[in-house]
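Scroll down for the structure; my scribbles are underneath it.
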Amino acid sequence: MENSEIARVFFEIADLLELKGGDLFRVRSYRNAGMVADGLPESLKTLYEDGGEDGLKGIPGIGESTRTKIIEMLETGGCAFHRELLTEMPSGMLEILKVSGVGPKKAALIHKELGVKTIDELEKAAAEGRIQELAGFGQVSEEKILRGIKDLKSRTQVFKLSFVTPFALSFVAWLKKVPGIIDIVPAGSYRRWKETVGDLDILTTCSDARAVMDHFVKHPEVREVVSMGETKSTVVLKAGLQVDIRVLEKKAFGAALQYFTGSKAHNVAIRDRAKRMGLKISEYGVFRENGQWVAGEKEEAVYAAVGLPWIPPELREMRGEIEAAEKGALPEPLKRSDIRGDLHVHTKESDGTYTLEQMAEAAMKLGYEYMAVTDHSKAVGIARGLDEARIMAQMQAVDEFNDKLRKQKKKFTVLKSTEVDIRADGTLDHPESVLRKLDLVVASVHSGFSMSMDEMTKRVVKAIRTGLINIIGHPTGRLIGEREPYLIDLAKVMAEAKKYNTALELNSYPDRLDLNDSHCMLAKEKGVLVAISTDSHSIHHLANIEYGIHTARRGWLEKKDVLNTRPLVELMKILKKK
Ligand code: DGT
Ligand code: CA
Ligand code: CA
Ligand code: ZN
C-alpha cells in the first residue's frame, strides 16, 4: 500500500472511533498518524522493505500501535481493526462527517435515532423535517445540514491548479473595479500552489463591503449565487468551481490571510503553539488571554507573535516547516530569476508547433541563457519522432543557428538534445553514437505503462546505467486527474541516478507536475539534482515554468538543488558524459 492509502485508513479509523464515542486521545493519535503518513516524502513500503520494523522507527507521530498497523497494511494490504470498526459503523457515516455542521456526536445520534446510514438518507431525513425533531437539533441546524450537503456535493470536485488560475486572475481584475477596494488576494490551496484546488477563497479589504458583494456576484462567469451576506459570499461558476469571498477589516487582514491560506493542519499547529505561549490566534487576529490585541494587520506579524519568521505559503503543509522556521532553517525560496534556461522543448520536427528559431526567440525573451531542443525519437510515432538521419540534420541546424547567434553577439545557446524514448526493455531509442554527439540527453517512458513496479524500476535503472542520460523526463508519467503514475520505485531510481550523475525532471507542464512536491523532497534528501523544465510544445508553454518553480518550492528545493540554475559553462561540465 502507498502512503496515501495508509493515511486514508488511519483517518477513517479516527473518524470511526470518534463516531463510536471513543477516547479522544486515541482518536487524535490515529489522525496524527494519518497526517504523518500522508506528508512523508519517503515511501513507508520502501522504508519497511529496506529496514524492517527498525526502518519505521523514529518517525515522529508514529508510535508502537500505529507502526504495527502500518506493517500489517504493508504485509496484508489491509487493517483488521479498520475492518472491524466498519462492521460496527456503516462506511456512509464517514461521508456524513464531511457535511459541515455535522460533527461526530450529531452524526452518531442521527444514526442511532433515525437509522441514517448515507448522505442521501441524511438529505431525505432533513428534507422531511425529521432532523429538527431530535433532541439538540432545531430548524436552524436542519437547514444548515441541508446547505452543508449541497456544498459538499459541489465541493467534492477538484480542479487542476492551472484550470483555476485564469479564474483567480479574472476575479482579481474584476474586483479591482470596485471603488475603494485595497487588497484582493486569492488565498487557500491556490495561494499554496497545491496541484489541485477544491475551491477559491478570495480575501479583500474595502471601505464599502456592500459594493464588493454586489460586484462580486455579477462576475460574468457566475452560474449561481449560493449565499450573499454583508461581508462574505459564495458563488458557483459555470465551470463548476466554487468561489468564496470575504471583506475584512484592515486590522485583521493579515490574520485572515494566515487563516484562510491554510493548510488546515498547518493552522492547527500554529494555533497550538500560540496557546502554549498564552496567546490565541483566530482569523480576527492574535490576542492575549485577556483579550488584548497583539497582531493581525500583517501576516508577518502573526508569525512573529509566535516567535517565527514568515513561512512561504508553499511550505505550509505540515512537512516540518514550523520546526525549520524555529531553527531559522527554512529553504531559501527558489526565484524565477534563478532559472537560466529550459531543458525540455519540442519543435515542429516532432510534435511541437513552432520552429527551433521561434522557440529560441521566445526563450531569449524570457531572459534565458540556454534552451535544449528535445524532440522525440522514432519510437514515439504519433509525435513524428526523429530517426537517426533527422536528428543528425537537426544537430547541424542547431550548430548553424548558434553560429548566427554568435555573429549577432547574442548570449544565448541552443543545446543539441533529444527526448529519447526508454523502450520497454530499458534500451534507448537512439544509437549510442548519436547520443554521444548531443549536449544533453533527456530520456522518458512513453508507453508500456502497466508494468509491475519492479519491472518499471528495472527498465529505468537499466537506461540510467548506460551512462548516457542527463535527465529522466516526467519520471512517473502521471497526468493529473487523468492518468495515474506508473508504478516505479523512485527512491531506487534516485539512488542510481546519483551514481550516474543523472538529474530527474520536474516537468512543469501543468497537467503533469512530475516530479511532484514530495518527490522533490525525496530527490533533495537523496542528493539528486532536479531539472525544472516545461516540455513546451509551443512558445506559449514556456511560461509554465512558474508551475514548476512553485512546485519545487513546495518540495523544499533551493537554487543549488536545481540543475538549470547553473550558468551555461557550469551546466556543460555537469552534462559531460564519462
Ligand atoms: P481546497 O479548497 O480544498 O483545495 O483547500 P483549502 O486549503 O483552500 O481549504 P478550504 O477552502 O476548505 O479552506 C481555506 C483555508 O481555511 C484552509 O486552508 C484553512 C482554513 N480552514 C478552513 N477550515 C478550517 C478549520 O476547520 N480549522 C482551521 N484551523 N482552519 C480551517
Ligand atoms: Ca479553497
Ligand atoms: Ca473555501
Ligand atoms: Zn515526454
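Here are some notes:
Residues are listed down the side, and each one gets a yes or a no for (1) part of a helix (DSSP H, G or I); (2) open to solvent by 20 Å² or more (accessible area, probe 1.4 Å); (3) outside the structural domain of residue 210 (by TED's automatic domain parsing); (4) at pLDDT below 95:
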| position | (1), (2), (3), (4) |
| --- | --- |
| 267 | yes, no, yes, no |
| 300 | yes, yes, yes, no |
| 304 | yes, yes, yes, no |
| 309 | no, yes, yes, no |
| 317 | no, yes, yes, no |
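- Filtered by the rule that a residue be touching a residue at least 12 places away in the same chain (Cβ under 8 Å) and in a loop (DSSP other than H, G, I, E, B), the stretch 397-412 gives 410, 411, 412.
- Condition check for residue 159: buried (at least 18 other Cβ atoms within 10 Å of the Cβ) and away from ligand 2 (no atom under 12 Å from the Cβ): no
- Of the residues 187, 127, the single one that is within 28 Å of residue 99 (Cα to Cα) and either assigned by TED's automatic domain parsing to the domain that holds residue 511 or open to solvent by 60 Å² or more (accessible area, probe 1.4 Å) (or both) is 127.
- Among the criteria (1) aromatic (Phe, Trp, Tyr); (2) open to solvent by 70 Å² or more (accessible area, probe 1.4 Å); (3) in contact with a strand residue (DSSP E or B) (Cβ under 8 Å, 6 or more places away or on another chain), the one residue 412 does not fulfil is (2).
- Total residues in the stretch 504-519 satisfying the condition of being touching a residue at least 40 places away in the same chain (Cβ under 8 Å), over 21 Å from residue 359 (Cβ atoms) and away from ligand 1 (no atom under 16 Å from the Cβ): the figure is 4.
- Residue 491 being among the hydrophobic types (A, V, I, L, M, F, W, C) and either touching an Asp or Glu at 6+ places or on another chain (Cβ under 7 Å) or more than 23 Å from residue 194 (Cα to Cα) (or both): yes
- Qualifying residue in the stretch 488-510 (condition: surrounded by fewer than 22 Cβ atoms within 10 Å (Cβ to Cβ), farther than 27 Å from residue 458 by Cβ and within 16 Å of ligand 4 (Cβ to nearest atom)): yes
- Only listed residue being under 18 Å from the mean Cα position of the chain (by Cα) and over 23 Å from residue 40 (Cβ atoms), chosen from 475, 510, 485: 510
The values are calculated or read from the model by the stated rules, or taken from the named source; none is laboratory data. Just so we're clear, the structure is a prediction, and the values are computed from it rather than from any experiment. Reconstructed Cβ throughout: ideal geometry from the backbone, glycine too, with neighbour counts over all protein chains shown. Just the protein is used for accessible areas: all its heavy atoms, side chains included, with ligands, DNA and RNA removed. Shrake-Rupley method; radii C 1.70, N 1.55, O 1.52, S 1.80 Å.
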